[in-house]
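Encoded as structure tokens, the structure appears first; notes follow it.
Every number here is computed from the coordinates shown, using simple stated rules; none is lab data. Since we're looking at a predicted model, the values are computed, not measured. Don't worry about glycine lacking a Cβ; one is built from the backbone with ideal geometry, like all the others, and counts go over all protein chains shown.
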Amino acid sequence: MDPSYLTTKEVAELLRVRERKVYDMVAAGEIPHRKVTGKLLFPQSELTAWIEGEGAARGGVRPAVVTGSHDPLLDWAIHESGAALATLWNGSTAGLGAFGRGEAAVAGLHIAGAEGWNIDAVAAQGVRDAVLIGWASRARGLILSPAVADTIRGIADLRGRRVVLRQEGAGATALLDRLLAEAGLTRSDLTSPARPAHTESDAAAAVAAGEAEATLGIEASARQFGLVFRPLLRERFDLLVDRRAWFTEALQRLAEFMRSDALAAKAAALGGYDTSDMGRVRWLSP
């Protein structure tokens, strides 16, 4: 009898392609598969249906991980709700890539685009079986040390200043580059610590510790460390969620907590958040 699950090598032989091509198809979500203890397996019944055009490819079971951009309110909600979700804050762009490869169930995003925040980016990624759910609108601007607050009023005043940067792939990094360009500056006009900050809180903490004079951050982080905040814009922070993963116990715990008075109170206490559209579907994959 044929096995219920095929290996990568067996699938390559069946399709008459190289194994590398099979890995590429998995990464693109083009072929039904499962990932078990780090090993790729291919359910033969789904694979046969896919070959014969009877159904779309189903991706493997996604790990219960929230990746992408860091948000203090989301970070708090995951722990406070009791949702069994791990977090990997690696920035919006890197998180979107990880989601596309099936490495996470949720990705937090704030990526500006022509159609508004995040929608252009997720549509261009070509993700399938996913939904973009609103989390919050956030106030973003310059977080400043009180010692320089009177002399830094906007982006143009950052020339020659010590500024904490975020890692490559972070939404804040892309936004800073755009704002600097509009002011006739580049990152080379700034003096920055050797190591970038990987979360909103880390960036503000570096300013509070005197490692830098400024950073581009959100109001909630400025309040957390008692720093001066100069608002520049409002951005949307959304959650890109795998449709099947949304109905797991972990994400349903988070979904229920999103509707709680406790979360609304925490958002108000942190400052700079508008959660009126929290939970609203903003985009559906094809």
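Is it true that some residue in the range 111-118 is surrounded by 20 or more Cβ atoms within 10 Å (Cβ to Cβ), at positive phi and not hydrophobic (A, V, I, L, M, F, W, C)?
From the range 111-118, those surrounded by 20 or more Cβ atoms within 10 Å (Cβ to Cβ) are 111, 117-118; that's our starting set.
If we keep only those that are at positive phi as well, we get 118.
Now narrow it down to the ones that are not hydrophobic (A, V, I, L, M, F, W, C): 118.
Within the range 111-118 (the criterion being surrounded by 20 or more Cβ atoms within 10 Å (Cβ to Cβ), at positive phi and not hydrophobic (A, V, I, L, M, F, W, C)), the answer is yes, since at least one residue qualifies.
Against the conditions (1) in a strand (DSSP E or B); (2) more than 25 Å from ILE78 (Cβ to Cβ), where does ILE133 fall short? Just the number, please.
With (1) in a strand (DSSP E or B); (2) more than 25 Å from ILE78 (Cβ to Cβ) applied to ILE133, the lone miss is (2).
Name the one entry in ARG166, ARG162 that is surrounded by 19 or more Cβ atoms within 10 Å (Cβ to Cβ) and over 22 Å from ALA107 (Cβ atoms).
ARG162
Need the failing condition index for GLU46 against (1) charged (D, E, K, R); (2) within 14 Å of the chain's Cα centre (by Cα); (3) part of a helix (DSSP H, G or I), just the number.
GLU46 satisfies every listed condition except (2).
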